[in-house]
Amino acid sequence: MTMDYREFASPLLCDFLSYHETVKGHSNLTVDEYCLDLRSFFRYMKRLKRVVPRDMPENEIPIDDVDIDFIRQISLSDVYSYLSYLNREKGLNEASRARKISAIRSLFKYLTVKTHKLEENPIQDLDSPKIRKSLPRYLTLEESVRLLNSVQGKNQERDYCILVFFLNCGLRISELVNLNLSSIQGNTVRVLGKGNKERILYLNDSCVDALENYLVVRNGMTLIDPEALFVSNQRKRISKSAVHLMIKNALAAAGLDPSLYSAHKLRHTAATLMLQNGVDVRTLQEVLGHDHLNTTQIYTHVSNENLADAAEMNPLAHIKGKK
C-alpha cells in the first residue's frame, strides 16, 4: 500500500513528489522512497537550524511547513553534516546514503531548473559516497534445474510456471505479479516495467509449456480477479509476499540456502545464464528493461571457467619461448 504524502508533506514537497509521480512516471515505490528520504532530511535540518527543540523526538518533527524560504537557508555544508549523521548515528551504508543523496539532489534540481524557485543550486557539487560494487549472486545452471525439479504441492503448476518465468525472462517480482492474462499474446508477453515502460519478451519452449500446464488449472478456477495471470489460493492476484515465500520454500526443498537467494537473485540468474550462453549485453539490456547499459554491465561478470576459456582462446596462448 502506498502512502499519502499529502497528509504530512508541505505543498512545495507535494508538488515535487507529484511531479515525479505524474510527469516523470516513477513508480509508487520510488515516490514513497523519495518522500521518506526527504522527510528524514528535513527533520534533521529543522533540528540543525533550531526550528524545533533539540529534544523533540524525530518522528514528531513535522514537515508540513517546509517552504522555499526554509530551503534557501540550507547550504552544502549542512547536507554534508546530514550525511555524516546518517553514517555515525544511523549507521547507514554507502548505498543507503547515496539513495538519500539522490532524493535531495532531485529536489534541488527541480527547484532550480524546473520551477526556478531557487536562483542557484547550493548542492550542485555534492559528492556521493563511493559504493563498493559487488558481483550479483546467482544460481548455477545445475542449481536452477534443481530448483525447478523441487516444485511440488497443491500449487505445483503455478509455482513451477512462476519460477520458469523468473529464470527464463529475468522479470522483476513487481512485473511478474502484475501480469494479466491479456499480457500473453501467442509466444510473447507484454511486461510493464519501471516508469510504466512496456517491453515485449518472447517466451521460449520451456515458458510456453509451463504456461499451458498452469492455464489448465487456472482456467478451471472461479476467480475474484479474472484479469490476473498468477492467482493465489484466495482466487485473487498473487502478492509479492506470497511469491517470496514460495521461492524460499522451493529453495529449501532444493537444498539451497533460502537466506542467500530471492526473486531478484533469480533475475540475476537469468541474466547471467543468458550472457554465459552467447546473448550480447545490449540485447540483455532490452530483455531486462534497463534504461542504461551500465546497469546491465554488472552482469558481464563471468565464471572463472569462462575467464580461463577466454585466456586459452587467445591465439598466442600456446606460443612458448625458446629454451
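Taken over segment 83-102, residues that are in contact with a Ser or Thr (Cβ under 9 Å, 6 or more places away or on another chain) and either closer than 24 Å to Val23 by Cβ or of a type in the set (Gly, Ala, Ser) (or both) amount to 4. Could you please find all residues in segment 219-243 being loosely packed, with under 15 Cβ neighbours inside 10 Å, assigned to a helix (DSSP H, G or I) and touching a helix residue (DSSP H, G or I) at 6+ places or on another chain (Cβ under 7 Å)? Correct list: Lys240 only.
For segment 247-265, residues that are open to solvent by less than 20 Å² (accessible area, probe 1.4 Å), in a helix (DSSP H, G or I) and at pLDDT 90 or above total 3. Output the residue which, of all residues in segment 172-195 that are closer than 13 Å to Leu266 by Cβ and hydrophobic (A, V, I, L, M, F, W, C), is most open to solvent (accessible area, probe 1.4 Å). Residue satisfying both the conditions and the ranking: Ile173. Selection within segment 39-59: residues that are in a helix (DSSP H, G or I) and of a type in the set (D, E, K, R). The member of this set that is least open to solvent (accessible area, probe 1.4 Å) is Lys46.
Evaluate segment 152-171: report whether one residue or more is under 20 Å from the mean Cα position of the chain (by Cα), modelled with pLDDT under 95 and open to solvent by 80 Å² or more (accessible area, probe 1.4 Å). For segment 152-171, residues under 20 Å from the mean Cα position of the chain (by Cα), modelled with pLDDT under 95 and open to solvent by 80 Å² or more (accessible area, probe 1.4 Å): absent.
Is segment 70-83 home to any residue that is touching a strand residue (DSSP E or B) at 6+ places or on another chain (Cβ under 9 Å), open to solvent by 80 Å² or more (accessible area, probe 1.4 Å) and over 30 Å from Glu198 (Cβ atoms)? Let's see the steps before the verdict.
Looking only at segment 70-83, we keep the residues that are touching a strand residue (DSSP E or B) at 6+ places or on another chain (Cβ under 9 Å), and these are none.
No - not one qualifying residue is present in segment 70-83.
The values are calculated or read from the model by the stated rules, or taken from the named source; none is laboratory data. It should be emphasised that the depicted structure is a prediction, and the values quoted were computed from it without experimental measurement. Counting neighbours? That spans all protein chains shown, and the Cβs are built from the backbone with ideal geometry, glycine included. Remember, those area values only see protein heavy atoms, side chains included, never the ligands or the DNA or RNA. Shrake-Rupley method; radii C 1.70, N 1.55, O 1.52, S 1.80 Å.
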